[in-house]
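The values are calculated or read from the model by the stated rules, or taken from the named source; none is laboratory data. All values derive from a computational prediction rather than experimental measurement. Cβ placement follows ideal geometry from the backbone for every residue including glycine, while neighbour counts extend to all protein chains displayed.
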Amino acid sequence: MEGLIQAVISPFFSSISTIIAAQALKSLNPLATRSFGAIFASVVLFVILTLNREKINIKSFRSSLSDILKLILLRPLIGNILLVYGLSLTSGIKAIFFTKVEPYFVLIWSWILRKEKITPKHVILLFFHIVGAIILSTGDSFKIGKTQIGDMLIIVAMMFLSLSYFYAEKVSKKFGARKIIIVTEGITGVILLPLIVLFIPSGKYLSPDLIIPWFYMAVSVLLFFVLSLTLWYSSLKSVKGWMVSALRSVGPILGAPVAWLVFGQKLTPVQIGGGLIVLITSTLIAYEHLKNKNKATK
């Protein structure tokens, strides 16, 4: 039950973090936020670990080096970089719905990597999910613009983030949530830092006018990495990855009101309809997957 509760609470923090990050990224450079945010998250979690008198034995990670490197590539590097660029182009309230495509990608990767069966019912649900996503993205105008490119980047990001579940399950059981985040985010921040120094003018991220956006970004990092991602890794110790992914569909329940109340972000009635289709199909795919799993164990 502890893992299940963690899996339910994690998306609430994640959705609020997404809303705040999207607001901050309207003024900040996405690559700079990814690098500095990764380093900031790693340092904060290292301090928490130290206060709890826990130690990180780097040598112990050698046995799982392959899985850790794959996890770094898929989640902190490719997945999260695509996500921050997508958030910089679209609104946070739409983004929290688009991230709910993740269970379908988990199902597809399970089919490819573990030969799990995809039924016609799954395909039908996926079709309606895509229709709902298009309605949510375009409303009733059906125009392709900057925000639609951002929406697409978020969906592609979910493809890579969903694949990371298979490696995150392994390492979270072995090393624990905080240690994994410290290592993966710390390495990511260090890898990206030279790119920031070489290719991005300091005015793009050091201007005094950016104090408020950086404050928003710091809050977003704390909510996501210290709370949401820690709970996510912890839940994977005892709950199957596909179920953790499916439970993330509860995020917009809290995220959408926050976007409206704090930042005044709204959806049109047509977009709300699309968002509901996305949530309903995500819930149904989780239910179908659960039924198939139960049949397989009987």
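Checked across the stretch 181-188, the condition of being closer than 20 Å to ILE277 by Cβ and of a type in the set (Asp, Glu) holds for no residue. Here the condition is being closer than 30 Å to ASN57 by Cα and part of a helix (DSSP H, G or I); of LEU261, LEU192, it holds for LEU192 alone. Filtered by the rule that a residue be modelled with pLDDT under 90, in contact with a Gly (Cβ under 7 Å, 6 or more places away or on another chain) and crowded, with 22+ Cβ neighbours inside 10 Å, the stretch 152-188 gives a lone residue, TYR165.
In the stretch 1-53, the residue that is nearest to the chain's Cα centre (by Cα) out of those that are of a type in the set (Lys, Arg) and farther than 18 Å from SER207 by Cβ is ARG34.
Of the residues making up the stretch 132-150, those that are modelled with pLDDT of 75 or more and either of a type in the set (Ser, Thr, Tyr) or surrounded by fewer than 22 Cβ atoms within 10 Å (Cβ to Cβ) (or both) are LYS146, THR147, GLN148, ILE149.
Within the stretch 1-26, if we keep just the residues that are out of contact with any Leu (no Cβ under 6 Å at 6 or more places or on another chain) and part of a loop (DSSP other than H, G, I, E, B), the residue that is surrounded by the most Cβ atoms within 10 Å (Cβ to Cβ) turns out to be LYS26. Quick one: would you say LEU231 is at pLDDT 85 or above, under 20 Å from the mean Cα position of the chain (by Cα) and within 24 Å of LYS70 (Cα to Cα)? So LEU231 passes the test. For VAL101, are the conditions met, namely being out of contact with any Gly (no Cβ under 8 Å at 6 or more places or on another chain) and at pLDDT 75 or above? Answer is yes for this residue.
Consider the stretch 234-243. How many of its residues are assigned to a helix (DSSP H, G or I) and modelled with pLDDT of 75 or more? Going through the stretch 234-243 one residue at a time, the tally reaches 2.
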